[in-house]
1. Within the set of pairs 6+ apart or on separate chains, which have a first residue in segment 74-102 that is over 14 Å from GLN12 (Cβ atoms), a second that is loosely packed, with under 13 Cβ neighbours inside 10 Å and among the charged types (D, E, K, R), and C-beta atoms under 8 Å apart?
2. For segment 102-125: of the residues being at pLDDT below 90 and within 15 Å of the chain's Cα centre (by Cα), which is surrounded by the most Cβ atoms within 10 Å (Cβ to Cβ)?
3. Among the residues of segment 88-122, write down those that are farther than 17 Å from LYS7 by Cα, in a strand (DSSP E or B) and aliphatic (A, V, I, L, M).
4. Has segment 58-66 got at least one residue that is farther than 21 Å from ASP126 by Cβ, loosely packed, with under 14 Cβ neighbours inside 10 Å and not aromatic (Phe, Trp, Tyr)?
5. Which members of segment 67-77 meet the condition of being exposed (fewer than 15 other Cβ atoms within 10 Å of the Cβ), among the aliphatic types (A, V, I, L, M) and under 23 Å from GLN111 (Cβ atoms)?
6. Between residues in segment 16-30 that are within 14 Å of LYS117 (Cα to Cα) and residues that are part of a loop (DSSP other than H, G, I, E, B) and not acidic (Asp, Glu), which pairs lie under 8 Å by C-beta distance while being six or more apart or on different chains?
7. Can you name every residue in segment 11-63 that is in a strand (DSSP E or B) and more than 28 Å from LEU78 (Cα to Cα)?
Amino acid sequence: MSKTAAKGAILQVKNVTWQTIPQVGDINFDPFAVDRIDVTTQDSPNNTEEKIVGIKKAANLSFPIVWDDSNAVHAFLLASNGTVQSFAYQGAGAVSLYKFNAIMEVMFENQVKGAKKATLTLELSDGNTPT
């Protein structure tokens, strides 16, 4: 069984050209989530829950960034807060690149004993599915 390191995932934002977002921490991304609908009834066989597949969910992705006020990509993210932007995600060692539009939210964390950080939350918009 081979193992793959998770370090090396890439997130990009389109600002005229595709630019890699620097200083990103852990990324959690499930681009293929679907609703599961409980259709269990009094006469479900073997006293077992029954489920059916519903509609695809708009994926959410959230990740921390060690913020750099002098970085041009970080400045673009801040200026674009609350808007729909184009993003691309590639997992470490992956061949596939997922491109999607998402509503972006930037939230800052300023700890007394820490680096300036931000959390970016991306919510897929327009009912699109990553391609």
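The values are calculated or read from the model by the stated rules, or taken from the named source; none is laboratory data. All of these numbers come straight from a predicted model, not from anything done at the bench. Here the Cβ positions follow ideal geometry from the backbone for every residue, glycine too, while neighbour counts run over all protein chains shown.
1. Qualifying pairs under 8 Å: ALA75/ASP69; VAL84/ASP126; ALA92/LYS7.
2. The residue in question is LEU124.
3. ALA102, ILE103, MET104, VAL106, MET107, ALA118, LEU120, LEU122, listed by residue number.
4. No, segment 58-66 contains no residue that is farther than 21 Å from ASP126 by Cβ, loosely packed, with under 14 Cβ neighbours inside 10 Å and not aromatic (Phe, Trp, Tyr).
5. ALA75
6. Close Cβ pairs (under 8 Å, with a partner that is part of a loop (DSSP other than H, G, I, E, B) and not acidic (Asp, Glu)) amount to PRO22/ASN71; GLN23/TRP67; GLN23/ASN71; VAL24/ALA9.
7. Within segment 11-63, VAL34, ASP35, ARG36, ILE37, ASP38, LYS51, ILE52, VAL53, GLY54, ILE55, LYS56 qualify.
Every residue, every condition in (1) of a type in the set (A, V, I, L, M); (2) under 30 Å from VAL106 (Cα atoms); (3) modelled with pLDDT of 90 or more; (4) within 26 Å of the chain's Cα centre (by Cα), yes or no:
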position: ALA6; (1), (2), (3), (4): yes, yes, no, yes
position: VAL13; (1), (2), (3), (4): yes, yes, yes, yes
position: THR17; (1), (2), (3), (4): no, yes, yes, yes
position: THR20; (1), (2), (3), (4): no, yes, yes, yes
position: PHE29; (1), (2), (3), (4): no, yes, no, yes
position: ASP35; (1), (2), (3), (4): no, yes, no, yes
position: VAL39; (1), (2), (3), (4): yes, no, yes, no
position: PRO45; (1), (2), (3), (4): no, no, yes, no
position: LYS51; (1), (2), (3), (4): no, no, yes, no
